[in-house]
Every structure is written in structure tokens, then in C-alpha cells.
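Structure record follows, encoded as C-alpha cells.
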Amino acid sequence: MKFQHLTLSLIAAGLLAACSSAPNQNQGAAVEDRSSGAASSGVDGNRVTTVNANDGANGSAYPELRDPKNILSKRSVLFDYDSYVVKDQYRPLVEAHAKFLVAHPKVKMMIQGNTDERGSREYNLALGQKRADAVKKALGLLGVAESQLESVSLGEEKPSCTDASESCWSANRRGDMLYSGEF
Amino acid sequence: MTSRLLSLLRSAIPACALVLASSLAQAQLAIEITGAGANRMPVAVASFEGENALPRAVTDVVRADLERSGLFKMIELGPSPMGASGPVDYARVRSRGADAVAVGTVSPNGAGRFQIEVRLHDAAKQLGLGSQAMVMSPNQYRATGHRIADFIYEKLTGEPGVFSTRIAYVLKSGPRYELQIADADGSNAQTALASKEPIISPAWSPDGSRLAYVSFEAKKPVVYVHNLATGQRNVAANFKGSNSAPAWSPDGRRLAVVLTKDGQSQLYSVNADGSGVQRLASSSGIDTEPAWSPDGMIYFTSDRGGSPQIYRVPAGGGDAQRVTFEGGYNVSPRPSPDGKSLVYVSRNGGRFQVTMLDLASRQTQILTDSSKDESPSFAPNGRMVLYATEIGGRGVLAAVSADGRVKQRLSVQSGDVREPAWGPQPRN
């Protein structure tokens, strides 16, 4: 995590866009309210320091996971509307990943559940979790150790498709499997 | 005068298309008033004596604030200033139709600072309603104007104003997410966090110094607490699985959060530093979106009964009680600051709309005519509700009065704005 003090440049940029003669209202001493006898106000407490968030993912160490001819390069399980059950068509895919994880007990997997965009973001986050949990449970039943698996949700926040259409929504009702190094 | 204004407000009907043109553009949130009470109280803010020594007129800020509230009709008095100490020219004020007038004097106070004195008068009764004196540096004309508007608003309505408050929201521009803080009028936007991954659910600490939020920068939802002035932040919840939906306790010590460490999404509480995790409620379904009420209840969304509905549970533990019964989708509850009503999002024939529930009478009212409303939050005086919606495929913020009459829209020229949270009153 890096801390960068961009406050002044952001304000300057905003002012350039707005009004070149406008001064910086954020500097200077506090406004004091003398009529109420109260202590000086917190208008200068309004300074905000910018933080830039960075991630550290740099890819998996296993080439077979990236080989497009290998089933292990396929990572997505799609779900029906309002459904949290892994469909039979994904059984070979889930089995292949289970086999890889059993053979590589030090490798971990994060399963990210996703939903379409309709409704509350936080409720969708909880629904996405149910999809990730369904994939995790299927892998567990195939012998993968609990300690290798983490199911999480991205809710509606990371759609693979952004049109407001049924075909797009169905692409977003999905569980994605990520390996160590990819998250 | 207070009771008169309140009765006017009660009898008001929606009137449309009062547009406040903002000279600010681009990155700034521009506010447009899309509905106001028809019987707005006529108020004049005279130009203050000596305010031309400031970089910009403080009274411009005051007038814009009062106009934007939808409760007042601003009466022009012309450019000649009216000072705080001299006699008020009531004839001039009454001839323009104003029921109240604010007058003021700005005078140098040494060391580059200014003294500003404001007096508010009832123009009909020719009575003083109160005065306010402040010391300011010239570049604080905007903050000073908000405080004068708060003073006038409170004197005329009997309720505290919210012009000095701030709002938080998430701006998405292309692949970049920014958690921004702006003044309640949309000006002075500053970025608290910039990330390539989503940021959701910002929640203000009761003292306004910190925000809790969910960031996906670790490829999973993690709850952070972020000090706005210093940029210092700490992880408040990063358990195995998902961590989300932070809500501050009224004393600012604990956060209600949603964790999946033990299975499905369930309610827990943690200290703001991440220690002391405790279970708050248990169910066989999803429990999420907790919100603390001032009377010690936690409202939340649960699908334990089959569809997502709003429930509440005592913060100290106890049985959960169902709160919403109409319709098949009621989510995102936020209790009003006085605890008497609840705002939430209901689905009505495929439209998601901000809805108000009076907890005593059980009466509900849909407050908006939009269809993709999300994330409502009350202004600290309970008068307005800020929420996210979509217009022309773009995310915008909007605000509606608790009675549904006053409507505002806040948008930026490019990018999606979402996940608003109205901050608390600044501590004086």
C-alpha cells in the first residue's frame, strides 16, 4: 500500500477545470463561531489525503493452467438465474481442477462468485458467495483439502459483460477459479 | 415563523424544473434541482457590507445553499449591500416580497483575516431573529457561507441545516475506481482512495473523521477503516471468505460487518481496529446490510423467509423481528436519525425504488419515480435521502426529501457515480 499526497494537485486540477480565479478554500485557519461560544470548528479537518491501492498478482507458476488446449485453462462455471447449483455440464471441468489440486497440495485456489447487476450490491455480494460456495463444495467432495480453498464473492462488481441483456446477465452469473499467483 | 413554514411545506405540491446552473464542471458534482415545494418561503439574503474584499461573495454560497434545499424562494434585493449594524430597510425588503432577510458586515480583523457578522430579520414583524459572528480567512468564503446558510435554515425551520456536511461516493471512470469526499453541494471533491478494483459500501464514522468501506484490491472483499485526514487505514475485517457491509455503532467503537468465515453471509461485530469479533445474529439464510438505529436496534436484509426482506434485532442480542411484508424484494435498510422511520429499496414490478416506512403507523411511501435506485442514506437532520440511481445508462446520485417533494440530481460530466453516503454534522 502506497501513500501519496495528491491532495493539492487534485484540487488544482479541479480548479483549473472549474474557475481559474477560484482560490483554494482548503487552506488557512479555521472559522471560529464566536456567537455560540463553541470551540473553533473543524472546517480544516476536511483535508483528505489520497491513498493508491495496488494489487500484487503476477500469474500462476504452472504453465498447464495457462495452456489454452488444457481444460485447466478454463476457469468459469456459469449458473442459471436465481440458481446456486453447479450444473452437470461443468462436472468434467470441476473434476480436472480437483485432480490438479489433490496432486499439488501446496497450491491454493480462490473461487470468486459473481452475479448479474440487478438489485442491491451487498445482497448480490451474498448471492455471489453462494455460487462460490457451491463450486468449493463440489471440489471438496472430490477430495480437495479445505485448507486449499477459499470461496469469496465479487457480487455484481466485476461483470464480464456490461449490456443490460439476458445473454449478458447469464455470462455474469458465474464462479471463477483462480490459482495461487493469480490473486 | 417556524410553524408557518412547516405548514407551507405540508401543503406544498411538487413543482418542477428549477435549475441551478453551476459554473463548476468536469470533475465536480453538478447539482440540479428537479422538484421543489410549490409554496417555498420567500427569503432574501442581501449582499453583505464589505464582502467584496473576499475572493468571492460569501452570500452567493448562502443563496445557492438555501435555494437548493427546495424550501426557500430566494428574493433578489439588488447589488447594494445591507450591513449588520444599521437599521433594516424593511420597506425595500417587503416590496420585493421577502418574509425574512439576512444582512451582514464583513470587516478586516488583522492578520489577513475577516470578522463577519450576520443578522436575520422577520420582515413582516420587523423583528430580529438572531445573529451570528465568525472570524474567517478570505479563502474560507465557501465554508463560511455554508455555516451562515445552516444558521438561517435552523432559525427559519427549527431544524439543523446540513449545508456544512460532506458526502462520500465512488466514482468509476473506465477501469479506475475512486472513493471521493465532497461538500454536500458537490464542490471541493477530493479522492480518499484510488484503485483498479471496485470499492463499495462506504460508511462514515459518527465523528466524520473516518470511513469504513469494502475494497476488492486483494481480489476479494475486505473491510477497511480509513482516516480521511491522514490517509492511514487499517484492515477491520479480512477473514477467510468475504468481508463486507460495514456499519458503525453510534459510539464509533464497533462495526457491524458481514462475514462468510463460518458459511453463508452472516452478521458479526468487530472493533474498528479489527479485534474482538462477535456474532450478532444467526440464520439459515443470507443476513446482510446491517444498519444501527439510534434506539439500539440493528436493521438488516435477510432471505431467511424465502425472499429478501428487512428484519431487526436488538444490538445487544435477542430475537430477530421481520419489518417489511409488502412485495418480494426489500433491501438496503437505513433508519432515520430519530429512529422513527426507515428508508430502503423495494422492487415494484421490476423497478427498484427508494421507499420510506413510518415505523409507528406502518405506512409506506415510494419516494422516487426512477427504476434502478440503490444505497439510500439519510442526511443527518433526516430531511433528505441521498441515493444512487441510473439515468441514460450512467450512474448518478440523487436526493429526495423525506416527504418525496424536493428532488435533486448530482452528476459528473463523465464516469459513473455510485455508493453515496451522507456524512454526519461536523463537530464544532
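Residue count for the range A:132-183 under the criterion of being within 17 Å of the chain's Cα centre (by Cα), within 12 Å of chain B (Cβ to nearest Cβ) and assigned to a helix (DSSP H, G or I): the result is 2. Restricting B:Ala237, B:Ala291 to residues that are within 30 Å of B:Gln408 (Cα to Cα) and surrounded by 23 or more Cβ atoms within 10 Å (Cβ to Cβ) narrows the list to B:Ala291. Looking at B:Ser307, B:Ser293, B:Ser341, B:Ser284, just one residue is under 22 Å from A:Leu125 (Cα atoms) and either touching a strand residue (DSSP E or B) at 6+ places or on another chain (Cβ under 7 Å) or within 12 Å of chain A (Cβ to nearest Cβ) (or both), and that residue is B:Ser307. Scanning the range B:376-428 for residues that are within 13 Å of chain A (Cβ to nearest Cβ), of a type in the set (A, V, I, L, M, F, W, C) and farther than 14 Å from B:Asp185 by Cα turns up just one, B:Ala388. In the set (1) surrounded by 22 or more Cβ atoms within 10 Å (Cβ to Cβ); (2) more than 22 Å from the chain's Cα centre (by Cα), the condition left unmet by A:Asp88 is number (1). Just checking, how many residues over the range A:62-97 are touching a Ser or Thr at 6+ places or on another chain (Cβ under 8 Å), assigned to a loop (DSSP other than H, G, I, E, B) and of a type in the set (A, V, I, L, M, F, W, C)? Of the residues in that region, 0 qualify. B:Ala256: under 26 Å from the mean Cα position of the chain (by Cα), buried (at least 22 other Cβ atoms within 10 Å of the Cβ) and either away from every other protein chain (no Cβ under 14 Å) or not β-branched (Val, Ile, Thr) (or both), yes or no? Taking the combined requirement at face value, the residue satisfies it. Just one residue in the set B:Pro376, B:Pro424, B:Pro333 is at pLDDT 95 or above, farther than 26 Å from A:Glu157 by Cβ and not polar (S, T, N, Q); that residue is B:Pro424.
If only residues of the range B:226-253 that are within 20 Å of A:Phe183 (Cβ to Cβ) and of a type outside the set (Lys, Arg) are counted, the one that is farthest from the other protein chains (Cβ to nearest Cβ) is B:Ala237. Residues in the range A:98-127 that are small (Gly, Ala, Ser) and touching a Lys or Arg at 6+ places or on another chain (Cβ under 9 Å) were compared, and the one that is nearest to B:Val258 (Cα to Cα) is A:Gly113.
Comparison of B:Ser205, B:Ser249, B:Ser265 shows that the only residue that is surrounded by fewer than 24 Cβ atoms within 10 Å (Cβ to Cβ) and more than 24 Å from B:Leu357 (Cα to Cα) is B:Ser205. Kindly provide the set of residues from the range B:80-95 that are over 14 Å from B:Glu117 (Cα atoms) and within 33 Å of the chain's Cα centre (by Cα), ordered by number. The one that is over 14 Å from B:Glu117 (Cα atoms) and within 33 Å of the chain's Cα centre (by Cα): B:Val93. Cβ-Cβ distances below 7 Å connect no pair with a first residue in the range B:195-218 that is within 9 Å of chain A (Cβ to nearest Cβ) and within 13 Å of B:Arg418 (Cβ to Cβ), a second residue that is modelled with pLDDT under 95 and in a strand (DSSP E or B), and a separation of six or more residues or different chains. For B:Gly382, the stated conditions hold: it is touching a Pro at 6+ places or on another chain (Cβ under 6 Å) and at pLDDT 95 or above. Those strands (runs of 3 or more DSSP E) of the range B:1-83 in which 2 or more residues are away from every other protein chain (no Cβ under 14 Å) and at pLDDT 65 or above occupy B:30-37, B:41-45, B:72-75.
So which residues in the range B:353-400 are under 19 Å from B:Glu178 (Cα atoms) and not small (Gly, Ala, Ser)? Across the range B:353-400, the qualifying residues are B:Glu374, B:Leu386, B:Tyr387, B:Thr389, B:Glu390, B:Arg394, B:Val396, B:Leu397. Applying the condition of being farther than 20 Å from A:Leu78 by Cβ and among the aliphatic types (A, V, I, L, M) to the range A:142-161 and asking which residue is surrounded by the fewest Cβ atoms within 10 Å (Cβ to Cβ) yields A:Ala145.
The values are calculated or read from the model by the stated rules, or taken from the named source; none is laboratory data. The structure displayed is predicted, hence computed values, not measured ones. Reconstructed Cβ throughout: ideal geometry from the backbone, glycine too, with neighbour counts over all protein chains shown.
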